[in-house]
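Read through the structure below, which is laid out as structure tokens, and then see the notes.
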Amino acid sequence: MAEMKQKTKDRVLIDLLQQPGTYVSGDQLASDLAISRESVWKAVKSLQKDGHRISSKKKSGYAYLSSNHVDQRVVTAYLDQLSHGQQAFDTIQVFDDINSTQTYAKDYLATHPGKQPSLFTARTMGAGYGRRGRAFFAPKDRGLYISLSLPIDQDQPVIARLLTTSAAAVIAQVLEETFDGLSVSLKWVNDLIVSGHKVGGIITEAVFDMENQQYNALVLGFFVNVLPADYPSDIQKKAMALVDDPNYPIDWNFLMARLTLALIRMNANYQSGEYLADYRRRSFLIGQRVSLQVGQEELEGTVMAISDSAGLVLRLDNGEEKTIYAGEVTKVKLYENLNL
């Protein structure tokens, strides 16, 4: 009996998702699904209890608005609608809780290589990590935690720095288009910054096929703090969310679908450097004095530019200029109190 109820609930949700935001009468839903109007009403109530925002209006019916959490059925529907059915995926997996979408994605792709992108996301993570293996805070339904596999074109070079910086520019653009008045800056190479605080980060990793001795997928992992949360004391001064209102109505699945499709489009041509101009425009490091950790060495100097291959051009105190391709900016004079 419980299985039948779940099936009816899912069918009602999928039907409403055919026309999100549009009212569908109870009679029409009942006719579409060959169930009673009472069953439709019960299914809608159950979906609302699950966190789906479904509006009901007398003489108009029901309209799907959004969900207060990521949901596999909803994001799949949005991805299909926004791509007009043109973007296929090998798999779309949504977890309530997982240690790390990035770890899971790499393990999965090692045994399930595919020709299309795959999407892995979760409502919360217990062991999420960023660059250099650092753990990060992933409170439930407060942010987006996504790992997106991007198939590798063997005829095109893989340029990890350009991929990461291009992804950062694309994510920043989608976020600004979604949230009125938002301005997103970027800290080389992978941090999303709002008002001098970190709101997100990106990591790019590859899955290597030992048998064929080649990479078979790139895994682009990123998180975005969307709603405020009780951050641990060690990051309270550094981290913040995109919005201040904890009850701000986020359409999680629509936002995730937009980000996913934008990143897939980016993957087709990032090698051309198309996104570098926007990355440079958003970079607040250019002209700033910084400390930079490169392996065991710490460099200090002024950032002069972002190179065409996404390296950091640093002028040292002795006047020498170096282009750094791997390292981490540990301190920015402009935001020294935050130790970004």
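The values are calculated or read from the model by the stated rules, or taken from the named source; none is laboratory data. What you are looking at is a predicted structure, and each value in this text was computed from that prediction instead of being measured. All Cβ positions, even for glycine, are placed from backbone atoms using ideal geometry, and neighbour counts span all protein chains on display. Just the protein is used for accessible areas: all its heavy atoms, side chains included, with ligands, DNA and RNA removed. Shrake-Rupley method; radii C 1.70, N 1.55, O 1.52, S 1.80 Å.
A few notes on this one:
- Net charge of neighbours whose Cβ lies under 11 Å from the Cβ of residue 28, counting Lys and Arg as +1 and Asp and Glu as -1: -2
- Working ranking of peptides 159-171, 77-89 by packing, defined as the average number of other Cβ atoms within 10 Å per residue, highest first, is 159-171, 77-89.
- In the chain, the DSSP-assigned H stretches of four residues or longer account for a calculated mean residue ellipticity at 222 nm of -9000 deg cm²/dmol, using -39500 (n - 2.57) per stretch and the full residue count as denominator.
- Lysines whose Cα lies under 30 Å from that of residue 58, excluding same-chain neighbours fewer than 8 positions away: 5, 7, 9, 42, 45, 49
- By the rule of a C-alpha distance below 18 Å, with chain neighbours fewer than 8 residues away ignored, the aspartates and glutamates paired with residue 115 are 80, 90, 107, 153, 155, 205, 209, 211.
- With a cut-off of 11 Å between beta carbons, the residues surrounding residue 152 carry a summed charge of -2, where Lys and Arg count +1 and Asp and Glu -1.
- Using the average count of surrounding beta-carbon atoms within 10 Å as a protection proxy, the listed peptides 42-51, 282-291, 312-321 rank, highest first, as 282-291, 42-51, 312-321.
- Global geometry of the range 193-233, whether rounded, prolate or oblate, following the gyration tensor of its Cα atoms and the 1.5 cut on a/c: prolate
- One equal scatterer on each Cα of the range 186-258, no solvent, Debye formula: the resulting log10 I(q)/I(0) at q = 0.14, 0.19, 0.23, 0.25 Å⁻¹ is -0.60, -0.88, -1.09, -1.19.
- For the set 204, 22, the ranking by accessible area, highest first and with no ligand, DNA or RNA atoms included, is 22, 204 under a 1.4 Å probe.
- Rolling a 1.4 angstrom probe over the chain with all protein chains present gives an accessible area of which 47% lies on carbon and sulfur atoms.
- By definition, a body whose alpha carbon gyration tensor gives a ≥ b ≥ c is oblate when a/c is 1.5 or more and a/b is not larger than b/c, and the range 241-340 fits this oblate description.
- Formal net charge of residues neighbouring residue 329 (Cβ-Cβ distance under 9 Å; K, R +1; D, E -1): 0
- Calculated FRET value between residue 55 and residue 205, using beta carbons and R₀ = 41 Å, to 0.05: 0.50
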